[in-house]
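No value in this document is a laboratory result; all are computed from the given coordinates. The shown structure was predicted, so the numbers you read here are calculated from the model rather than taken from an experiment. Ideal geometry is used to build each Cβ from the backbone, glycine not excepted, and the neighbour counts take in all protein chains shown.
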Amino acid sequence: MTTVGSPAPSIVLLNQQGESIDLASLRGRKVLVYFYPKADTPGCTTQSCGLRDIAAQIGTTAIVGISPDKPAKLARFDEKYSLGFTLLSDEDHAVAEAFGVWVEKSMYGKKYMGIQRSAFLIDESGNIERAWPKISPKDTPTELLAALN
């Protein structure tokens, strides 16, 4: 897991419109980067819509969601719920690995690799200010608001 105070790993991924986005372009403002397993599933929808609902309360802080989904699926997810923030496609999970959130999981005794739902607040200089490993979907917006206040 990426540690507080360390530089955030580089992020250059395709967004929901298929455009290449470099997180370094957001330097000078805080950025919440949250990793979620799969677009348009119950937990991920709760988390993303909760962040959408507080967007007006976080000033210039940017919200960036990252999942292994393809850009087209992210576009449908964004449109369906009017999210209005950047969703990035990490199909090869390289960024998730760099952040330490690509982990072995287990369901019904079957082991597989997947995203550990986590969130990171990156400061204006590109360093990790706060980290929330294994965050619940409902807690993501409230934790972000608390960190910014």
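Relative contact order for the range 1-95 using alpha-carbon pairs under 8 Å, separation at least 6, rounded to a whole percent? For the range 1-95, the relative contact order is 34 percent.
Sparse packing (at most 15 other Cβ atoms within 10 Å of the Cβ) combined with a DSSP loop state is found for the following chymotrypsin sites (Phe, Trp or Tyr not before Pro) in the range 98-149: TYR108.
Put simply, the amide H of ASN127, placed in the peptide plane, has neighbours under 5 Å in ALA8, leaving out anything fewer than 5 places away on its chain. Largest GNM mean-square fluctuation among THR60, THR86, THR45, using the chain with Cα springs under 10 Å: THR60. Put a dot 7 Å past the Cα of ALA56, heading toward its Cβ, do the same for LYS80, and the two dots end up 2.5 nm apart.
With a Förster radius of 35 Å applied to the beta-carbon distance between TYR108 and SER10, the computed FRET efficiency rounds to 0.45. With 20 Å as the limit on Cα-Cα distance, the pairs of LYS38/LYS134; LYS38/LYS105; LYS38/LYS110; LYS70/LYS138; LYS38/LYS73 that go past it are LYS70/LYS138. Which residue, chosen from VAL12, PRO133, PHE120, occupies the Cα position most advanced towards the positive end of the dipole of the chain, where the dipole is computed from +1 (Lys, Arg) and -1 (Asp, Glu) charges on Cβ about the Cα centre? The listed residue farthest towards the positive side: PRO133. Among ALA75, ALA56, ALA131, the largest mean-square fluctuation in a Gaussian network model of the chain, built with springs joining Cα atoms closer than 10 Å, belongs to ALA56.
Secondary structure note: in the range 27-149, about 60% of the DSSP beta bridges are antiparallel.
For the options SER106, SER89, SER136, a Gaussian network treatment of the chain with springs between C-alpha atoms closer than 10 Å singles out SER106 as fluctuating the most. One equal scatterer on each Cα of the range 1-76, no solvent, Debye formula: the resulting log10 I(q)/I(0) at q = 0.17, 0.21 Å⁻¹ is -0.76, -1.15. Across the range 78-89, rounded Karplus estimates of 3J(HN,Hα) from the backbone phi angles (6.51 cos²θ - 1.76 cosθ + 1.60, θ = phi - 60°) give 4, 5, 4, 10, 6, 5, x, 10, 6, 10, 10, 9 Hz, Gly and Pro being marked x. Panel note: the C-alpha atoms of the range 1-137, placed on their principal axes, show extents of 44, 34, 26 Å (largest first). Were the residues from THR142 through ARG29 laid out at 0.36 nm apart, the gain over their Cα-Cα distance would be 38.7 nm.
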